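The values are calculated or read from the model by the stated rules, or taken from the named source; none is laboratory data. Since we're looking at a predicted model, the values are computed, not measured. Methodologically, a virtual Cβ is constructed for each residue, glycine included, from the backbone with ideal geometry; neighbour enumeration extends over all protein chains shown.
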Amino acid sequence: MSACCNDDPRIHDIKSKIRVVPNFPKPGIMFQDITTLLLDPKTFKNTVDLFVERYKNKNISVVAGIEARGFIFGPPIALAIGAKFVPLRKPRKLPGEVISEEYTLEYGRDCLEMHIGAVEPDERALVVDDLIATGGTLCAAMNLLERAGAEVVECACLIELPDLKGRDRLKGKPLYVLVESH
Amino acid sequence: MSACHSDDPRIHAIKSKIRVVPNFPKPGIMFQDVTTLLLDPKAFKDTMDLFVERYKNKNISVVAGIEARGFIFGPPIALAIGAKFVPLRKPRKLPGEVISEEYTLEYGRDCLEMHIGAVEPNERALVVDDLIATGGTLCAAISLLERAGAEVVECACLIELPDLKGRERLKGKPLYVLVESH
């Protein structure tokens with residue numbers, strides 16, 4: 001079932017602040033734009049608070065955020081729960097030695113990288129991104145963390161597109177989202 | 001003179017956590033890697049606290065962060081001071097209508113974009129990035145905010161490379177940094 005916070009009164013406001021932009025980046029795609037949520041300080045704070053409340057007592061030592069919108073939501077969570085923040089980036093952005101994980105796009109492939117040494121074995125990790133669609137990027141993120149020996153406790157996103165069944169591609173790991181968009 | 005917090009005891013730890021990676025992204029460049037600072041929750045928190053302490057009583061309503069590392073440091077400041085966060089992005093990333101500002105690179109040009117409507121006239125704005133080198137990107141960011149009618153109060157970076165004189169390219173706006181690197 002969906003781990004989703006429908007009952008919390010803050011959720012309705014969060015969902016209403018997300019702007020849907022039709023035909024971006026290409027015809028037929030209804031893009032979920034979270035930048036409008038970031039323009040409302042109270043709503044942005046509520047968004048972060050919902051995640052922090054869920055994770056603060058789960059002994060999570062690593063919050064990994066996926067470039068670039070995962071960089072907006074991951075660090076505030078990390079700071080609030082006392083965890084390190086690890087950026088997961090597109091190729092050739094991280095300056096040090098990295099491990100790379102390839103994943104499939106609709107047409108072609110892409111790659112996600114993480115610094116060697118950022119994560120230690122047996123650390124408990126959370127993966128954060130703004131949205132889960134097919135789950136390909138999140139799956140690559142989980143692989144990077146597991147290859148470094150960490151345990152991925154959960155994936156956390158603001159938005160899920162459940163019709164794309166990304167939840168099924170998370171190697172059995174749980175997914176927590178604030179809103180669904182059909 | 002440099003607006004820089006050399007005396008604060010937290011600064012030494014922050015500086016020591018920044019990793020210098022030689023010859024990245026190309027020979028001769030000593031890259032200032034902030035990801036190692038993000039691995040230390042206390043140092044990361046101290047970094048944010050230093051900025052928040054400076055800006056919390058300055059009636060700043062907008063924190064603009066430059067993609068992508070400005071996305072890591074800008075949002076926690078915005079959340080703590082009750083301001084909106086506005087991402088400034090590379091071309092074709094933002095889904096809605098944008099204004100674009102071109103700027104010069106060592107070889108060629110690049111472009112920074114901001115959503116129309118994100119910022120309203122007379123808002124007081126802070127621009128955040130991890131590092132200032134030549135000041136070209138920050139100058140483009142200032143221009144975007146001013147074109148939207150905002151007043152840029154200050155630019156804030158973790159690191160300054162003073163030999164590149166970026167401070168002089170900020171259209172007369174003040175710059176605040178935590179550490180300098182020569």
Take the range B:136-172 and flag every residue that is in contact with a helix residue (DSSP H, G or I) (Cβ under 6 Å, 6 or more places away or on another chain) and basic (K, R). B:R169, B:K171
Has the range A:127-137 got at least one residue that is of a type in the set (V, I, T), closer than 26 Å to B:G65 by Cβ, in contact (Cβ under 8 Å) with a residue 12 or more places away in the chain and in a helix (DSSP H, G or I)? yes
Per-region count, the range B:1-60, residues more than 16 Å from the chain's Cα centre (by Cα), more than 23 Å from B:P174 (Cα to Cα) and of a type in the set (D, E): 1
Here are B:E151, B:E120, B:E160: which of them is under 24 Å from B:P76 (Cβ atoms) and within 14 Å of another protein chain (Cβ to nearest Cβ)? B:E120
Strands (runs of 3 or more DSSP E) within the range B:44-110 that include 2 or more residues of a type outside the set (A, V, I, L, M) and surrounded by fewer than 22 Cβ atoms within 10 Å (Cβ to Cβ): B:98-104
Those residues of the range A:1-24 which are of a type outside the set (D, E, K, R), surrounded by fewer than 17 Cβ atoms within 10 Å (Cβ to Cβ) and at pLDDT below 95 amount to A:M1, A:S2, A:A3, A:C4, A:N6, A:P9
Do the conditions hold for A:L131, that is, is it within 14 Å of chain B (Cβ to nearest Cβ) and touching a helix residue (DSSP H, G or I) at 6+ places or on another chain (Cβ under 7 Å)? no
Can you go through B:E106, B:E113 and tell me which one is modelled with pLDDT of 95 or more and either among the β-branched types (V, I, T) or at negative phi (or both)? B:E113
Output yes when any residue across the range B:129-140 is on the phi < 0 side of the Ramachandran plot, among the acidic types (D, E), under 16 Å from the mean Cα position of the chain (by Cα) and surrounded by 14 or more Cβ atoms within 10 Å (Cβ to Cβ), and no when none is. yes
